[in-house]
Amino acid sequence: VFGTNSSNVIAKAPCPVIAIPEDNPHSNIKTITYLTNYLDSDIACLQNLVDIAKIFNAKIQVVHVASYEEDSDKAKVNMDAFRAKVQGHVNYEKINFKTLLGHDIEQRLEEYMLEENSIDLLVMSAHHRSLMYRLFGKSVTKAMTLYLKTPLMVYHHNQNNIDNTPDYVVEKIIL
């Protein structure tokens, strides 16, 4: 269970943090899922993640959860544009991209994790200290019950000027 100590480390560490549940059944990392909101800063996170994936010869799934309200054609265009941008900066053959549609981001992600049943590491990024406190503050145990068996890696860094999108995706997934 992710508790107070884990949440404090995640919120305060100046580097990416991996929280591994005590009863984690995974002994090897074969599949890494990175949640994206198409931010330019995601590219730096993915470059770093590739170094980790290479150690384990793991595949990386870049996933965006779009709401049903978003046109599925538009969601595909957005993912294709992000894929092209990533491929221009990140050199790794075992990376694929997927857009999920759903009414509720957290619920759709939960369904996806159950469908895949092979995600060994869930990775997300958050860009603001205040958001990190809201995400990993008092109720982290309750908030993370969805991911009790899946290790979670969180990147947190300053928001790029280009990253205009708020961290509502990360906030919604955790809260």
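Points worth noting:
- Segment 47-77 - residue that is among the polar types (S, T, N, Q) and at pLDDT 90 or above and, of those, surrounded by the fewest Cβ atoms within 10 Å (Cβ to Cβ): 57
- Restricting segment 10-26 to residues that are open to solvent by 80 Å² or more (accessible area, probe 1.4 Å) and at pLDDT 70 or above, the residue that is nearest to the chain's Cα centre (by Cα): 18
So that you can scan it fast, the table gives a plain yes or no per residue for (1) within 18 Å of the chain's Cα centre (by Cα); (2) closer than 30 Å to residue 12 by Cβ; (3) in contact (Cβ under 8 Å) with a residue 60 or more places away in the chain:
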{"residue": "32", "(1), (2), (3)": "yes, yes, yes"}
{"residue": "47", "(1), (2), (3)": "yes, yes, no"}
{"residue": "77", "(1), (2), (3)": "no, no, no"}
{"residue": "98", "(1), (2), (3)": "yes, no, no"}
{"residue": "114", "(1), (2), (3)": "yes, no, no"}
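- Single condition residue 121 does not satisfy, out of (1) modelled with pLDDT of 85 or more; (2) touching a Leu at 6+ places or on another chain (Cβ under 9 Å); (3) exposed (fewer than 13 other Cβ atoms within 10 Å of the Cβ): (3)
- Restricting segment 36-46 to residues that are in contact with a helix residue (DSSP H, G or I) (Cβ under 7 Å, 6 or more places away or on another chain) and open to solvent by 10 Å² or more (accessible area, probe 1.4 Å), the residue that is nearest to residue 115 (Cα to Cα): 37
- For segment 29-72, the set of residues classified as more than 18 Å from residue 108 (Cβ to Cβ) and of a type in the set (D, E, K, R) consists of 30, 40, 42, 51, 54, 59, listed by residue number.
- Positions within segment 85-112 being closer than 25 Å to residue 52 by Cβ and either open to solvent by 60 Å² or more (accessible area, probe 1.4 Å) or of a type in the set (S, T, N, Q) (or both), in sequence order: 85, 87, 88, 89, 91, 93, 94, 96, 98, 99, 110
The values are calculated or read from the model by the stated rules, or taken from the named source; none is laboratory data. From a predicted model like this one, the values you see are computed outputs, not experimental measurements. Here Cβ is always computed from backbone atoms with ideal geometry, including for glycine, and neighbour counts include all displayed protein chains. To get the accessible areas, we keep the full protein, side chains included, count just its heavy atoms, and leave off ligands, DNA and RNA. Shrake-Rupley method; radii C 1.70, N 1.55, O 1.52, S 1.80 Å.
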